[in-house]
Amino acid sequence: MADTQNTKVQEQDIHQLLKVKREKLANLQEAGKDPFQITKYDVTHHSTDIKNNFEELEGKTVRIAGRVMSKRVMGKASFCNVQDLPGNIQVYVARDSIGEESYADFKKYDVGDIVGIEGEVFKTKTGETSIHAAKVTLLSKSLQILPEKFHGLTNTDIRYRQRYTDLIMNQDVKDTFVKRSRIISAIRRYLDGQGFLEVETPMLVSNAGGAAARPFETHYNALDEDVKLRISLELYLKRLIVGGMERVFEIGRVFRNEGLDTRHNPEFTLMELYQAYTDYYGMMDLTENMFRYVAQEVCGTTVIPYAEETIDLGKPFERLTMVDAVKKYAGVDFDQIPDTAAAKKLADEKGVHYEERHAKGDILNLFFEEFVEEHLIQPVFIMDHPVEISPLTKRKPDKPDYVERFELFIYGREMCNAYSELNDPIDQRERFKAQEAALAAGDEEANTTDEDFMNALEIGMPPTGGIGYGIDRLVMLLTNSPAIRDVLLFPTMKTLEPKRAENKAEKAAVNGSAEDATVSAPSVQIDLSKVKIEPLFADDVDFETFSKSDFRVVKIEACEAVPKSKKLLKFTLNDGTDRKRTILSGIHEYYEPEELVGKTCVAITNLPPRKMMGIDSEGMLISAVYEYDGREGLNLLMLDDSIPAGAKLY
């Protein structure tokens with residue numbers, strides 16, 4: 001009862017604060033001081049310009065503009081802190097300097113308001129570079145509430161959904177996105193210096209090819225035609241190589257209808273380039289030189305800290321074939337595996353999950369993902385992939401089961417993908433046929449034949465090297481960011497019930513706490529007449545057997561989609577002990593990973609570990625399953641967050 005009363009009081013306080021802000025605006029407008037009628041303000045300096053050049057600017061008049069982040073009123077004189085793009089600076093505002101009426105107005109300004117400051121540069125007695133204001137202009141009135149400054153904005157859900165607030169409250173976030181822009185500019189400068197032309201190709205396509213991914217589909221009303229959002233830039237850029245444009249690149253958004261996790265977002269920024277008359281060795285040289293150039297330009301060094309590692313981009317990148325990498329880290333030589341049957345037998349022995357349609361080359365790739373990727377911390381080119389997973393790549397003349405392809409790995413992550421491009425139209429058509437067979441067998445990521453692209457190849461494409469870079473992962477590396485959402489200004493998020501999101505955000509702004517900022521997904525009202533439950537068990541379970549099941553309260557500390565699985569989520573759980581527990585659960589159809597982080601759930605913790613997609617699952621999360629309107633419904637059981645991890649259920 002007390003909690004309910006506190007919540008009501010809190011909501012009243014929020015609405016009162018918002019009401020006061022609007023009243024202040026109305027008073028300004030009545031007095032002919034409407035800030036929203038101001039159309040420009042001439043800025044001469046930024047905060048860091050003044051701090052870095054104090055000796056030159058001391059005693060001189062400057063004009064800055066920015067957001068009031070704090071304010072301290074002391075009778076006839078006050079201080080405020082104004083934040084602009086590169087930083088912030090203290091402003092001294094005295095009644096005798098700006099006039100009595102202006103000072104009275106200033107005292108009513110709120111944290112979050114945007115102001116223009118004109119005044120002289122000086123240092124306070126404590127040595128802080130400041131501006132002695134001669135004139136203060138209100139440029140925009142903030143009608144919302146910023147998070148409380150002491151706590152800041154820390155809840156990741158709110159940060160990603162309200163990036164504008166995140167940028168205001170967290171300078172390091174702003175620095176990341178400034179650096180992102182500089183990274184993209186550096187890539188363009190490097191490629192321009194290498195003679196590449198930047199081009200633009202269609203986003204809406206009839207045939208989404210060039211990668212193994214499910215496309216998003218939409219409808220073009222004017223043409224009455226279904227189209228797809230592109231999943232790659234490849235096939236159109238190759239058409240330009242056919243047309244005689246020998247070096248081309250594009251930086252653009254691509255869209256893949258897949259899950260979300262720390263390294264994947266359904267829409268992301270891709271850079272692809274194609275160069276005539278070279279091969280994948282030429283692409284390796286270009287990649288190594290470009291990574292080195294961008295790091296030096298943006299970070300001032302080629303030695304990059306990332307997580308707990310130090311990545312050295314200055315040393316020559318290691319080059320290793322996929323077969324040799326699996327031999328090195330898994331102790332298995334696929335050159336000695338005679339056929340698909342033997343590869344599947346080996347996979348069964350090693351606990352590597354595969355699908356019936358997979359051939360020997362697919363299983364080699366699965367071994368690589370299972371046993372090798374996590375070890376590839378320093379830059380390494382993994383070369384010579386099996387032909388089964390490379391439908392657009394030129395075969396190696398001396399080993400036709402493999403292709404001239406490489407992927408660059410850093411910190412266990414694929415950073416780019418490159419080929420000696422397939423320019424044999426007869427071979428390419430056969431590869432497309434194999435892809436269509438895979439599609440018919442259930443592979444939703446397989447390509448289909450692009451007849452116009454085939455026509456271009458038949459006209460003739462020169463020997464060509466091509467490469468694709470995931471810009472977002474490169475930005476993650478160079479900004480030491482752990483998740484892809486940290487480097488996307490507006491990452492994909494599940495839509496929330498508008499009113500619930502609004503109320504939660506307001507509470508977070510007032511209290512500044514992560515707990516209050518957490519936005520829960522709304523409860524869904526279901527028609528109980530459409531619910532069908534599974535019959536209860538007819539057999540008895542004796543009490544002693546049941547009591548052996550150890551039901552425990554667990555806190556979800558991390559959650560991500562399992563690569564190559566459409567159903568599985570991987571949970572890292574606090575079960576009340578000193579170690580973290582990993583449990584896999586096939587509930588991705590019902591929940592996105594970010595929804596579940598921080599939730600309190602129930603798990604059986606004494607089941608024997610069970611391998612799923614090569615990962616040991618140490619227990620079972622408890623869900624409620626039922627049939628609803630002819631389809632399965634599922635709800636993960638969630639508890640009150642006040643219940644501690646490790647609490648035993650009886």
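The values are calculated or read from the model by the stated rules, or taken from the named source; none is laboratory data. The model shown is predicted, which means the values in this text are computed figures rather than measured ones. Glycine gets a Cβ as well: all are built from the backbone with ideal geometry, and neighbour counts include every protein chain shown. These accessible areas exclude ligands, DNA and RNA; they are computed on the full protein's heavy atoms, side chains included. Shrake-Rupley method; radii C 1.70, N 1.55, O 1.52, S 1.80 Å.
One table, with the values for the structure above:
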{"read-out": "Among (i) 38.8; (ii) 33.6; (iii) 32.2, the entry that matches mean projected area of the Cα convex hull in nm² as calculated here", "value": "(i)"}
{"read-out": "Estimated dipole of the chain in Debye, rounded to 20 [Cβ of Lys and Arg +1, of Asp and Glu -1, Cα centre]", "value": "2260 debye"}
{"read-out": "At R0 = 25 Å, FRET efficiency that the Cβ-Cβ distance of THR124 and VAL73 yields, to 0.05", "value": "0.90"}
{"read-out": "Cα point-scatterer Debye curve for segment 63-177, base-10 log of I(q)/I(0) at q = 0.17 Å⁻¹", "value": "-0.84"}
{"read-out": "Hits among aspartates and glutamates - C-alpha to C-alpha of LYS396 under 18 Å, sequence gap 8 or more where chains match", "value": "ASP279, ASP324, ASP335, ASP362, ASP384, GLU388, GLU404, GLU407, GLU421, ASP424, ASP427, GLU430"}
{"read-out": "Cα lying deepest toward the dipole's positive end in the chain, options THR218, GLY127, MET415, charges on Cβ", "value": "GLY127"}
{"read-out": "Spatial separation of Cα centroids for segment 102-128 and segment 571-650, in angstrom", "value": "52 Å"}
{"read-out": "Percent of alpha-carbon pairs separated by more than 17 Å within segment 102-143", "value": "42 percent"}
{"read-out": "Residue-averaged 222 nm ellipticity for the chain, from DSSP H runs of 4+ at -39500 (n - 2.57), nearest 500", "value": "-9500 deg cm²/dmol"}
{"read-out": "Protein accessible area in the chain, 1.4 Å probe - carbon and sulfur %", "value": "50 percent"}
{"read-out": "Length released on extending from GLU23 to THR310, taking residue separation times 0.36 nm less the Cα-Cα span", "value": "97.9 nm"}
{"read-out": "For segment 463-483 and segment 399-445, distance of Cα centres in Å", "value": "19 Å"}
{"read-out": "Cα-based shape type of segment 384-481, given that a ≥ b ≥ c are square roots of the gyration tensor eigenvalues and the cut on a/c is 1.5", "value": "prolate"}
{"read-out": "Extreme residue, positive dipole direction of the chain, given options VAL136, PRO491, LEU596 (C-beta unit charges)", "value": "VAL136"}
{"read-out": "Using a Förster distance of 35 Å, the FRET efficiency for GLU632-GLU430 (Cβ separation, nearest 0.05)", "value": "0.30"}
{"read-out": "Added length on full extension, which subtracts the Cα-Cα distance from 0.36 nm per residue, ASP192 to THR449", "value": "89.2 nm"}
{"read-out": "Anisotropy class of segment 167-257 from Cα gyration tensor, a/c 1.5 cut", "value": "oblate"}
{"read-out": "Förster radius 22 Å - calculated FRET efficiency between ALA134 and GLU58, Cβ distance, rounded to 0.05", "value": "0.90"}
{"read-out": "Under 17 Å from LYS123, Cα to Cα: aspartates and glutamates that are on another chain or at least 8 residues apart", "value": "ASP49, GLU55, GLU56, GLU58"}
{"read-out": "Cα-Cα over 25 Å, subset of LYS345/LYS394; LYS21/LYS179; LYS433/LYS564", "value": "LYS345/LYS394; LYS21/LYS179"}
{"read-out": "Low-density loop cleavage sites - trypsin sites (Lys or Arg not before Pro) in segment 126-206, where at most 15 other Cβ are within 10 Å (DSSP)", "value": "LYS149"}
{"read-out": "Backbone N within segment 432-464 under 13 Å of label point (7 Å from GLU356 Cα along the Cβ vector)", "value": "441-443"}
{"read-out": "Selection from GLN296, PHE54, SER390, by position along the positive dipole direction of the chain (Cβ)", "value": "PHE54"}
{"read-out": "Rounded, prolate or oblate (a/c below 1.5 giving rounded, otherwise prolate when a/b exceeds b/c) for segment 540-650 by Cα gyration tensor", "value": "rounded"}
{"read-out": "Sequence-distant aspartates and glutamates (8 or more away, or on other chains) whose Cα lies within less than 20 Å of LYS548", "value": "ASP539, ASP540, ASP575, GLU618"}
{"read-out": "For segment 25-76: accessible area per residue (Å², 1.4 Å)", "value": "66 Å²"}
